[in-house]
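The structure appears right after this line, and notes come after that.
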Amino acid sequence: MLKVKDTLRATVHLTFDGRVIKSYLGPDARQRFDKEVAVLNHLADRGCHFVPKLLEADPERVRIITSNCGSRVEHLDADRLKELFAELEAYGVRHDDPELRNVTYSQQAGRFCIIDFEFSTLLPTVE
């Protein structure tokens, strides 16, 4: 396992079989866990294919396991970054941290993907 993130809010490991294990730490860890689980389930229900797939949610350990969405992106045009996060909003989610650090590129999918939904907002549905 490779540790790819270690901050006061989360530790993220990448397994050799392609899974991402994120453990929530610090203040509001449980709320951030609950938010990310809700958002990933919402996006899966709507067929969003450019975000991680939630494989397991463990409320006791305050940890999720997701699919891997590729490698971190080093550079992306500001207009393309805005387009990518706007595309997410079409699925009813505003990311609330639309920064390059939350974008990956999946060679398997052939596209940019968005990660890290613990501060996202589910948008009201329009009937």
Taking first residues from the stretch 29-49 that are touching a residue at least 40 places away in the same chain (Cβ under 8 Å) and of a type in the set (A, V, I, L, M, F, W, C) and second residues anywhere that are buried (at least 16 other Cβ atoms within 10 Å of the Cβ) and part of a helix (DSSP H, G or I), the pairs with Cβ under 9 Å that are 6 or more apart or on different chains are LEU43/LEU88; CYS48/HIS42; CYS48/LEU88
Residues located in the stretch 59-84, provided they are closer than 25 Å to ARG30 by Cα and surrounded by 13 or more Cβ atoms within 10 Å (Cβ to Cβ) = VAL62, ARG63, ILE64, ILE65, THR66, SER67, ASN68, CYS69
Among the residues of the stretch 105-124, is there at least one that is among the β-branched types (Val, Ile, Thr) and surrounded by fewer than 18 Cβ atoms within 10 Å (Cβ to Cβ)?
-> yes
Residues of the stretch 50-65 being over 20 Å from ARG111 (Cβ atoms) and either within 12 Å of the chain's Cα centre (by Cα) or touching a residue at least 40 places away in the same chain (Cβ under 8 Å) (or both), in sequence order, are ARG63, ILE64, ILE65
Of the residues that sit in the stretch 17-41 and are modelled with pLDDT under 95 and under 17 Å from GLU56 (Cβ atoms), which one is surrounded by the most Cβ atoms within 10 Å (Cβ to Cβ)?
-> GLY18
Looking at the stretch 96-127, which of its residues are farther than 13 Å from PHE50 by Cα, without any contact (Cβ under 8 Å) to a residue 60 or more places away in the chain and in a loop (DSSP other than H, G, I, E, B)?
-> ASP96, ASP97, PRO98, GLU99, LEU123, PRO124, THR125, VAL126, GLU127
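The values are calculated or read from the model by the stated rules, or taken from the named source; none is laboratory data. Source: prediction; values computed, not measured. Glycine gets a Cβ as well: all are built from the backbone with ideal geometry, and neighbour counts include every protein chain shown.
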